[in-house]
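Here's the structure we're looking at; comments come further down.
The values are calculated or read from the model by the stated rules, or taken from the named source; none is laboratory data. As the structure is a prediction and not an experimental result, all values here were calculated from the model. Ideal geometry is used to build each Cβ from the backbone, glycine not excepted, and the neighbour counts take in all protein chains shown. Surface accessibility is based on the protein's heavy atoms, side chains included, excluding ligands, DNA and RNA. Shrake-Rupley method; radii C 1.70, N 1.55, O 1.52, S 1.80 Å.
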Amino acid sequence: MPIGSSSPRVRPARSGQADAATMKQRGHRGGVHATARPTSRGARAERLAPYVLVAPAVLIIVGLRLWPLVLGVDFSFTGDGELNGTPVGASNYLELLGDPLFRTSLGNVGLLVLLLPIAVAIPGLLATFIYLRVPGHRVYRSVYFFPAVLSPVIVGAIFNLMLGFDGPVNAVLGAIGAGPVDWLGDPGIAMFTVVGVHVWATFGMALVVFLAGFSTLDASLLDAARVDGASLGRTIWHVIIPSLTRTIQFVFVTTMIGMLTSMFGLLFVMTGGGPEGSTYLPEYYIWHQQGQMNRPALASAASTVLFVVMLVVGLLQISVLRRAGRQD
Amino acid sequence: MHGLRLARWVAAVPMAALALATIYPLVFTVNVAMKTRRDYVLDRFSPAGSLRWDNLAEAWASAGMARYFVNSSVVVAVAVALLLLLGSMAGFALSRLRFRGSSVIFLGCLAGLFIPFQVIMVPLTRIMADTGLVDTYPGLILAYVAQFLPFTVFLMTSHYRTIPAEIVDAARIDGNTTYGVYRRIMLPLGVPALLSVGILDALFCWNDVLISLLVMPSPEHRTLMIGVNSLRGQYSDDIPTFASGVLIAAIPVLMIYLFLQRRIADGVTAGSTKG
């Protein structure tokens, strides 16, 4: 043992009997306490050790995540180009409101929120059947999860081939007599196509989370439901959903965050925001304004709006789901 | 539950169809990558017949995928090593050491978890430009570390909380300093969590598009994902070579998936059960 081997560090086991003197020196419970004689160098090193251990992580997180958030909000109230650095009040935000592209991107966020229950229900239902041991359930678990590890670029590239005008999807449609669909070229369809591909690529994540939730489910409740002769639908509604409130809440919030922040790759590869700007999402708008249009301050304003939207949607979901959970 | 057995069999049909829909796009891409250009134009659906590696070789060498592959590998390896080192250090301190400000620091890390990259990308790019880090390997590595560190710290902290405090105390009685406890006890005991988190961090970094697009603008610094996308324009009339490029970018991830599927799932679900 190096220097500073004084009594405070030698502590009785929690259950053991401690004499009063040791108790006094013990300070907080349950953790290692780094207070030895402040005069000795070793003791000082010990006292500083926790700070040394967290310092690099804290510096990076504060400097490159928390500070930029403040900087970005501040930045959104300044001008671009010649007005760089000068305060311009809320004019960036007013410009956003007037920009049809940004309005489209917010409208698409609304669409995503509306589609969210479907994106949660699909993996939830699949997890239920896997939990109920549908024939082949082990295989399904691994197969469904696999697209979740692929990059949006890979997924987008694969689906560019799949959804081409003479690609496999239209070939299948043709075989059953339906006309070819211009999946990515029709402004009324493209956004649904991209969301569909996103769900294809990510439902495995939510599925795995649901299955982890099921593993904590009390099996005796299901047995009781079976004895009572409850139908499958009633069992899902009255037993499974109430027991999984926390998991469902988690999946709702993470799926929403995923939809708002990890579709950039798909948009970048599949549509580039088009056709006619119909597939813009705020994240794509931010990237476009900053990188292509050289409007960083305007992009910052859009970032701030996106952050507020995410906060509001997230908190709203949690409160709605809490209330729904209480009624059961 | 009446008719449960029937419901199971009824559900098995759409579930099998969905499994097919999940697997087929990849099978189709592999098949296209094996075809000659002529075969592809004539009939894109028929099986390629034999395994041809020409397209893969073309994509690897002439299209520059080799360069992008090395770029990605270096950046991801260094970033993940740093993430695990810094994440386990902070996780140990935040879970098993008592010091003033520890709860504030933990909350700060948690807050970092909820700030998406899109929200801070403008100021972050500016900071990087001001410090000369744009278009450098250290810049991209730092950007990845910053992006995934809150997640890594959070998971390491919750893992270390499951290790009994008595073990740490015993190590101290044996004469270890705090650093000794970290190196001899916490690091080895953290290996299972480090593996799960490390694999997820590696996947996140490898698959990233937006960060590398912003931080590494010049063509010779492209990561693999940006490289794949650039093939699209270059090989728009040679789909088999393009499909080969896609495959090259996907192969490492598919390998990880095949061998370490359970660990990935563990990492994904850790937040839902412990959070």
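So if the hydrodynamic radius of region B:55-274 is defined as the Kirkwood radius over C-alpha pairs, what does Stokes-Einstein give as its diffusion coefficient at 4 °C and 1.567 mPa s, in µm² per second?
Numbers: Rh = 19.1 Å.
For the chosen part, D equals 68 µm²/s.
Which far-off residues, 5 or more places away or on another chain, put their amide H under 5 Å from the one on A:Gly79, with H placed in the peptide plane?
A:Gly85, A:Thr86, A:Val88
Pulled fully out, how much extra length does the chain show between B:Ala19 and B:Val74, if you take 0.36 nm times their separation in residues and subtract their Cα-Cα distance?
16.3 nm is the gain from fully extending B:Ala19 to B:Val74.
Give the ranking of B:Asp237, A:Asp186, A:Asp228 by solvent-accessible surface, highest area first, calculated with a 1.4 Å probe.
Descending accessible area places them as A:Asp228, B:Asp237, A:Asp186.
Evaluate the protein assembly as shown: find the radius of gyration of its Cα atoms, find its Kirkwood radius, and give the ratio Rg to Rh.
Details: Rg = 26.6 Å, Rh = 26.5 Å.
With Rg and the Kirkwood Rh in hand, the quotient comes to 1.00.
Say R0 is 22 Å: what FRET efficiency, to the nearest 0.05, do A:Val73 and A:Leu111 get from their beta-carbon distance?
The formula returns an efficiency of 0.25 here.
Compute the FRET efficiency between B:Leu6 and A:Ser220 as 1/(1 + (r/R0)^6), taking r as their Cβ-Cβ distance and R0 = 25 Å, and round to the nearest 0.05. Mind dumping the intermediate values first?
Working: r = 24 Å, r/R0 = 0.96.
Once rounded, the FRET efficiency stands at 0.55.
What accessible surface, in Å², does a 1.4 Å probe find on A:Ile241, ignoring ligands, DNA and RNA and rounding to the nearest 10?
The accessible area of A:Ile241 comes to roughly 60 Å².
Suppose a student asked you for the relative contact order of chain B, using Cα pairs under 8 Å spaced at least 6 residues apart; what percent would you report?
Reported relative contact order: 31 percent.
Keeping all protein chains in the complex and leaving out DNA, RNA and ligands, what accessible area do you get for A:Ser300 with a 1.4 Å probe, in Å² to the nearest 10?
For A:Ser300, the solvent-accessible surface is approximately 0 Å².
Based on DSSP H runs of at least 4 residues, each adding -39500 (n - 2.57), what is the mean residue ellipticity at 222 nm of chain B after dividing by all its residues, to the nearest 500 deg cm²/dmol?
Values: 13 runs with 211 residues, N = 275.
Taken over chain B, the calculation gives -25500 deg cm²/dmol.
Between region A:66-89 and region B:19-85, what's the alpha-carbon centroid distance in Å?
With region A:66-89 and region B:19-85 each reduced to a Cα centre, they are spaced 43 Å.
Largest first, how would A:Phe210, A:Phe307 line up by accessible area (1.4 Å probe)? List each step's numbers first, then the result.
Values: A:Phe210 10, A:Phe307 45 Å².
From most accessible down to least: A:Phe307, A:Phe210.
Could you compute how much accessible surface A:Trp237 exposes when probed at 1.4 Å, giving the result in Å² to the nearest 10?
My reading of the accessible area for A:Trp237 is about 150 Å².
In square nanometres, what is one fourth of the surface area of the convex hull spanned by the alpha carbons of region B:214-275? All intermediate terms of the calculation are to be shown ahead of the outcome.
Numbers: hull surface 25.7 nm².
Taking a quarter of the hull surface, the average projection is 6.4 nm².
When you look at the Cβ of every residue in A:46-52, what mean number of other chain Cβ atoms sits within 10 Å? Each step should come with its number before you reach the end.
Numbers: counts 4, 2, 2, 9, 14, 7, 4.
If you average over the peptide's residues, the count of other-chain Cβ atoms is 6.
How high is the FRET efficiency from A:Val52 to A:Asp182, r the C-beta distance, R0 60 Å, rounded to 0.05?
0.50
Probe radius 1.4 Å, ligands and nucleic acids left out: which of A:Asp182, A:Asp80, B:Asp174 has the largest accessible area, and how do the rest follow?
B:Asp174, A:Asp182, A:Asp80
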